[in-house]
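Heads up, the thing below is written out as structure tokens.
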Amino acid sequence: MARKARREVLPALPRLFTRLHPDAPAAEAGGTALWETARAFPGCSVLAAEADGEPVSTCTVTVIPNPTHGGRPYAPVENVVTGAAYRGRGLVFACLREAETLARAAGYKLMLMTGSREENTLRFYERAGYNRTDKTGFVRWL
């Protein structure tokens, strides 16, 4: 089961993200404050699936107001990750389903970009209901 991340598990989330971005600096020092800011941001939900009280899978979804498509918001999904020992158990699917539930109540589409070029990762997102043909994504690092 996935749900909005409990305050108690926020300090453990940066450990999960070392799998997502192994070379990036850890956000341990300001981790809890950063996640509290994210949780307080309007429309932003940090979701987590837990095992033994620890977050083992997570994603972040943010419902964003949209002046097009009849004013229906859209929702990008980011920071999708599952701890290696918990892969293959459907936990990240649960997180993505919860993101869809939150977005469906308000919007018309979910969007997800991945930095992975691995075919098995891309097929995973397709099995979760996303497609890689409707949009082209670009990134500009600042």
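Any read-out appearing in this document is the output of simple, stated calculations on the displayed coordinates, not a laboratory observation. Predicted, not measured: the structure shown is a model, and the values here were computed from it. Neighbour counts run over all protein chains shown; Cβ positions are idealised from the backbone, glycine included.
Within region 118-134, being closer than 23 Å to residue 20 by Cα and surrounded by fewer than 16 Cβ atoms within 10 Å (Cβ to Cβ) holds for 118, 119, 120, 121, 122, 123, 126, 127, 129, 131, 132.
Considering only region 30-37, I want to know if a residue exists there that is of a type outside the set (S, T, N, Q) and in contact with a helix residue (DSSP H, G or I) (Cβ under 6 Å, 6 or more places away or on another chain). There is at least one residue in region 30-37 that is of a type outside the set (S, T, N, Q) and in contact with a helix residue (DSSP H, G or I) (Cβ under 6 Å, 6 or more places away or on another chain). None of 63, 81, 77, 56 is over 18 Å from residue 113 (Cβ atoms) and under 15 Å from the mean Cα position of the chain (by Cα) except 56. Among the residues here, residue 112 qualifies as touching a helix residue (DSSP H, G or I) at 6+ places or on another chain (Cβ under 8 Å) and either of a type in the set (Lys, Arg) or more than 13 Å from residue 45 (Cβ to Cβ) (or both). Being of a type outside the set (Asp, Glu) and not in a loop (DSSP other than H, G, I, E, B) is true of residue 121.
Only one entry of 115, 137 meets the criterion of being surrounded by fewer than 13 Cβ atoms within 10 Å (Cβ to Cβ) and under 15 Å from the mean Cα position of the chain (by Cα), and that entry is 115.
Being farther than 30 Å from residue 90 by Cα and in contact (Cβ under 8 Å) with a residue 40 or more places away in the chain is the filter here, so list the residues in region 56-68 that pass it. Within region 56-68, just 66 meets the criteria. Evaluate region 106-124: report whether one residue or more is over 20 Å from residue 10 (Cα atoms), in contact (Cβ under 8 Å) with a residue 12 or more places away in the chain and basic (Lys, Arg). Checking region 106-124: at least one residue is over 20 Å from residue 10 (Cα atoms), in contact (Cβ under 8 Å) with a residue 12 or more places away in the chain and basic (Lys, Arg).
Strands (runs of 3 or more DSSP E) fully within region 1-108 that include at least 2 residues being in contact with a Phe, Trp or Tyr (Cβ under 7 Å, 6 or more places away or on another chain) and surrounded by 14 or more Cβ atoms within 10 Å (Cβ to Cβ): 54-62, 74-82.
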